[in-house]
Structure formats: C-alpha cells, structure tokens
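Here the structure comes first, spelled out in structure tokens, and everything after it is commentary.
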Amino acid sequence: KAGVTQTPRYLIKTRGQQVTLSCSPISGHRSVSWYQQTPGQGLQFLFEYFSETQRNKGNFPGRFSGRQFSNSRSEMNVSTLELGDSALYLCASSPDTDYEQYFGPGTRLTVT
Amino acid sequence: AQSVTQPDIHITVSEGASLELRCNYSYGATPYLFWYVQSPGQGLQLLLKYFSGDTLVQGIKGFEAEFKRSQSSFNLRKPSVHWSDAAEYFCAVGALGADKLIFGTGTRLQVFP
C-alpha cells in the first residue's frame, strides 16, 4: 500500500503571497491531519479533517485553512505569507479516530 | 492542558550501548501515547504506540516503551543501539483520541562507532 504523499516537496514563496499544499492519504484512510514543524516551535497541530469536515483545529490564525475532498485528499492553504510561516508542513492520515497516524515526507516551505 | 516533556534535548551513545529516552506527559484522561522517529529531511515514522492493555509495548527496529501511569511516563528503550538509529525522536500524546497529537520537543540521538 502506498504511503502518504505530499506535493510539492519544496516550495519558495514571497511574503504576501499565498500557497496551497496537497496531501494524499493512504488508501482507505479517512482522517487527514496537518502539522507545522519549525526549529523554534517544534511540531504543532494545525487541523484535522474527517469525511470532508474539519473536526479539530489548532491555535493558528485564520490565514491557515484547509479542506478535504470526497476521495479523502486534503489541501491546506496559507494566505498572506509571512516569514515566520517558513516551515516543514507535515500531513498525516489514519483510518478513523483512535488509530495511529502515518506521516508523509512533508513540504518544505520557504518564505522570502 | 495536555503537554509532553522530553527532558533530554541531545543524547550521545556508543554503538552497541543501551538507550533510554525519557518522556513525561500531562493529560487528564487515559492517554494515547506514541513514539515517532524522524531522520533529517524526512517525515515521521511511527515506532510504537500505547492505547491500553499491556504497559510494555514492542515496536519496530527493536524499540520498546513502558507506560507508567504513576509516573506519567512513557520512556523509550533499546538494548543495543545501531549507528542507523541516529535521528530525532519524538514522544506524542493523543488528545481527543488519536486525531490530534501533541508532541514533545524531541531528543536528538547521536551514535558514535
């Protein structure tokens, strides 16, 4: 079974721009979660989607948003990029609640 | 509030030596606990998990962890470390089930030949 895939792997954007990151979960997994990883703040939960509905949300500003499609693929969007948004964005999938999460390789976003 | 503490930022061991990475959590209910490993530039790989039952859990790559409720700990152990184990290790607790993970700050493991 293929693992979690994330595209693109690397991205360079300019302050003020917006960006969309994509995540394809493991086949059959319905839950997709997003995390931000930075050297200063570590790994922080962004949000989680299940069956196209956002179920949980972390403490991030409204510039961070996401969605999930009927095939469980998910996208996250960051608008009006700031330098501090530079990070590794990780996506994780699981079959349902109460199951372990499997992580993708991440998208490395650099904001200049 | 839920939290995870990994007291050791950096640990260095010799190849073949035993290893124990510490993890303490704060969580009101019965926690879901996880250990993940991350190699440079990579995502997170699940080593093992504890949901309930036997408090000593076995994972991949020869790792094990023991859940101790009285100490709020979930320490990771390996009897003999290999050079390929050099990586960063993260302990996590699942809040609201396992849908939302709260991670510790990680422990970077360096292995000397």
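The values are calculated or read from the model by the stated rules, or taken from the named source; none is laboratory data. A quick note: this is a predicted structure, and the numbers were derived from the prediction, not measured. Glycine gets a Cβ as well: all are built from the backbone with ideal geometry, and neighbour counts include every protein chain shown. Side chains included, ligands, DNA and RNA excluded: accessible areas come from the protein's heavy atoms. Shrake-Rupley method; radii C 1.70, N 1.55, O 1.52, S 1.80 Å.
Rounded to the nearest 100, the interface formed by chains B and A buries 1600 square angstrom of accessible surface, both chains summed, with a 1.4 Å probe.
Within the listed set B:PRO31, B:PRO40, B:PRO79, the residue fluctuating most in the Gaussian network model of chain B (springs between alpha-carbon atoms under 10 angstrom) is B:PRO40. Solvent-accessible surface of chain A, taken per residue with a 1.4 Å probe and all protein chains present: 46 Å². Within the assembled protein chains, the solvent-accessible surface assigned to A:ARG63 is about 40 Å², based on a 1.4 Å probe.
With the simple spin-label model, which puts each label point 7 Å out from Cα in the Cβ direction, the A:ARG67 to A:SER27 separation comes to 2.6 nm.
Other residues within the sphere of radius under 15 Å centred on the Cβ of A:TYR10, judged by their own Cβ, net out at +2 (K and R +1, D and E -1).
Shape summary: region B:33-72 maps onto an equivalent ellipsoid whose semi-axes, from the alpha-carbon gyration tensor, are 22, 11, 8 Å in decreasing order. Counted over all Cα-Cα pairs of the protein assembly as shown, pairs farther apart than 24 Å make up 43 percent.
With a cut-off of 15 Å between beta carbons, the residues surrounding A:LEU109 carry a summed charge of +2, where Lys and Arg count +1 and Asp and Glu -1.
Region A:31-59 and region B:1-60 have Cα centres separated by 20 Å.
On full extension, the segment bounded by B:SER72 and B:GLN58 gains 3.2 nm, given 0.36 nm per residue less the C-alpha separation.
For chain B, the Kirkwood radius over C-alpha pairs fed into Stokes-Einstein at 25 °C and 0.890 mPa s yields D = 175 µm² per second.
Counting every alpha-carbon pair across region B:1-41, the share separated by more than 11 Å comes to 76%.
Taking chain B as a Gaussian network of alpha-carbon nodes connected by springs under 10 Å, the highest mean-square fluctuation of the residues B:ALA17, B:ALA29, B:ALA92 belongs to B:ALA29.
Solvent-accessible surface, computed for protein heavy atoms with a probe of 1.4 Å, shrinks by 30 Å² or more for the following residues of region A:16-46 when the other protein chains are added to the isolated chain: A:TYR35, A:GLN37, A:LEU43, A:PHE45. Residues of region B:34-49 buried by at least 50 Å² of accessible area upon assembly of all protein chains, compared with the chain on its own (1.4 Å probe): B:LEU44. Who wins for biggest fluctuation among A:ARG30, A:ARG67, A:ARG55 in a Gaussian network model of chain A, springs between alpha carbons below 10 Å? It is A:ARG55. Orientation-averaged projection of chain A equals 6.4 nm² [convex hull of Cα atoms, one quarter of hull surface area].
Across the options A:PHE45, A:GLN18, A:VAL32, the greatest Cα extent toward the positive end of the charge dipole of region A:2-68 (unit charges at beta carbon of Lys, Arg, Asp, Glu) belongs to A:GLN18. Compared with its chain on its own, region A:75-105 contains the following residues whose accessible area drops by 50 Å² or more in the full protein assembly (probe 1.4 Å; ligands, DNA and RNA excluded): A:ASP98, A:GLU100, A:GLN101, A:PHE103. Net charge in the neighbourhood of B:ASP8 (other residues with Cβ under 14 Å of its Cβ; Lys, Arg +1, Asp, Glu -1) is +1. Counting only protein heavy atoms and a probe of 1.4 Å, the accessible surface of region A:4-112 is 47% carbon and sulfur.
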